[in-house]
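Just below is one structure, and these are the notes that go with it.
Readers should treat all values here as calculations from the given coordinates under stated rules, not as data from a laboratory. What you are looking at is a predicted structure, and each value in this text was computed from that prediction instead of being measured. We place every Cβ from the backbone using ideal geometry, glycine too, and count neighbours over all the protein chains shown.
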Amino acid sequence: MSSPSPVSPPSSSVASVLAESAARRPAHPALVFGERSYSYAELWDGALRYAAALRERGLGAGDRVALLLPNTPAFPMAYYGVLALGCTAVPVHEHSRAPEIAHVLRDSGAVALVCAASLLPGGTAGARAAGVALLGVHDGDGDADGCDGDGGGRDVSAELPRLDREAERARPLDGLVPRAPEDIAVVLYTSGTTGAPKGVMLTHHSVLMNITTTARTPFAFDGDDVLLGTLPLSHTFGQICGMGVCFHAGATLVLMSRFCGTRALDLMAAHGCTVVMGVPTMYLALLDAAGRDPRRPPLDRAYSGGSSLPPAVLRRVEEVLGAPVYEGYGLTETSPSVSYNQPGIPRRPGTVGLPIPGVEVGIAAPDEARRIRLLPDGERGEIVVRGHGLMAGYLNRPEATAEVLVDGWLRTGDIGLREEDGYLRVVDRKKDVVIRGGYNVYPREVEEVLLGHPSVAQAAVVGVPHDRLGEEVCAVLRTVPGVRPDPRLAEEITVWSGERLARYKYPRRIVFTEAFPVGPTGKILKAELAGFFR
């Protein structure tokens, strides 16, 4: 590939994240995937070629391009190529089914779907149903994960237009197309737990501010860092906090096609990873893998988000991997980072730390929908956020936007409290709260107690219907290896938790499982879990 084209004049484009690092350190490895390493010059050249290929197909500034791509080199090339052309990127979760894909394509008004070979069954059906052009790409160089699946490498049907081949033949775009700060860079679809997924519109300004701010703190990246890319790039955590921050710093991203604890530990040791970002289920899998593999990477720090990492698990990860774990909090609607425990500031397990610079967090009365009434420190209420990361709104949903953007604040739907020195505690989602006999039970509090039992490896607490109480507290548990789940253990855990929790809080119903339903980032799908009992 040729050297990267000159960067355009200063621009608000998110594509500048990759362009500037390519101009600054072209030969440094930007991406490692399987046996292949890509320099910043190569990756930016690839993105400009994707941009040129899309332009040759008649696409231009303002068009929305959907990306149904797993974690392979095609994702950053297509993603930054779309942005370099001035288009809006619409990433689609790789686990989406055809009807979900069709919904995203219709709702976003996408003019094309760029789809990996391995995802063509759903992508083809979704694109056909939405009447959207389908462009195929090869899955990549292969990244056998050592667990299950083949790690990709599939090819595209001969009848389908090949955007990757068109990009290889194209003359790279001369440089990125400048964008205004308020232009929409990315539309990311929420999980749809309360109805059809909604498109969150993020501007170039909000994404760039989140990247440049968090690159300094809490993520503290420099050009020598090596990040293990375990999170799906289609999701805001992996895409903005992981890929975006890493490329902004000119660091190296070691990309996994799919997460597996055994393979993750192997890659971290082989490539000298200094940073890892993940969700609690990933850290539990890493602990399992570390119990079988004595190798340890030169890890400097680890970041956890998505859901609560119980303090006992956090301490165990630190003991086993030998690096501090920083827990944080964010939402797709905030681009995404809001608050984090940060290097250089005392960490406080059980909290999500302090707000990042330029972001303000408050606790509001949760039952006053039309206004924001802030509560004193120490009181529980709804977490509200304002600052540079706020979304422009939900695409095509002005009423839904007005419900959450109130008085300049974003209503998050999360329950929390702020301590006197500013540290934020996330108690639970408003919709996850179990109301037992008129009392509010916060599942996260119960889960943290249950994880203190020596036989419990993982816990999820949900509400199940009850004729008299309305809802009963149900704990779904996975036991540690070697412990057999049976009625006697269930009774023991019920009594044990009853000794540590108020009478209305402890679970009267215990269910054991070998695996939890999880979303694209490994987050336990509590709505799906609760549905099993309804």
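For the stretch 371-434, the list of GluC sites (Glu not before Pro) that fall in a loop by DSSP and count at most 13 other C-beta atoms within 10 angstrom reads GLU379, GLU419, GLU420.
Normalised radius of gyration (Cα atoms, divided by 2.2 N^0.38 Å) for the stretch 226-429: 1.08. Considering the stretch 433-531, its Cα convex hull presents a mean projected area of 6.3 nm².
For the stretch 154-255, GluC sites (Glu not before Pro) meeting the loop criterion (DSSP other than H, G, I, E, B) and having at most 16 other Cβ atoms within 10 Å: GLU159, GLU182. For a test of the definition: using alpha carbon positions, the gyration tensor, and the 1.5 limit on a/c, classify the stretch 36-178 as rounded, prolate or oblate. Since a/c reaches 1.5 but b/c is at least a/b, the shape of the stretch 36-178 is classed as oblate. Can you tell me what share of the DSSP beta bridges in the stretch 226-429 is antiparallel? A percent to the nearest 5 is fine. Of the beta bridges lying entirely in the stretch 226-429, close to 65 percent run antiparallel. Protection proxy ranking, highest mean first, for peptides 89-101, 343-355: 89-101, 343-355, where packing is the per-residue count of other beta-carbon atoms within 10 Å, averaged. With the highest mean first, a sort of the peptides 244-254, 319-329 on other beta-carbon atoms found within 10 angstrom per residue produces 244-254, 319-329.
If the chain linking GLU499 and LEU525 were pulled fully straight, counting 0.36 nm for each residue of separation and taking away their Cα-Cα distance, it would gain 6.5 nm.
In this label model, ILE435 and LEU160 are separated by 4.7 nm, measuring between points 7 Å along each Cα→Cβ vector. If both residues of a DSSP beta bridge must be in the chain, then about 60% of such bridges are antiparallel. Run lengths n ≥ 4 of DSSP H only: what is the helix-derived mean residue ellipticity at 222 nm for the chain, with -39500 (n - 2.57) per run over all residues, to the nearest 500? Computed ellipticity for the chain at 222 nm equals -8000 deg cm²/dmol.
Packing, taken as the mean count of other beta carbons within 10 Å per residue, orders the peptides 443-450, 498-505 from highest to lowest as 443-450, 498-505.
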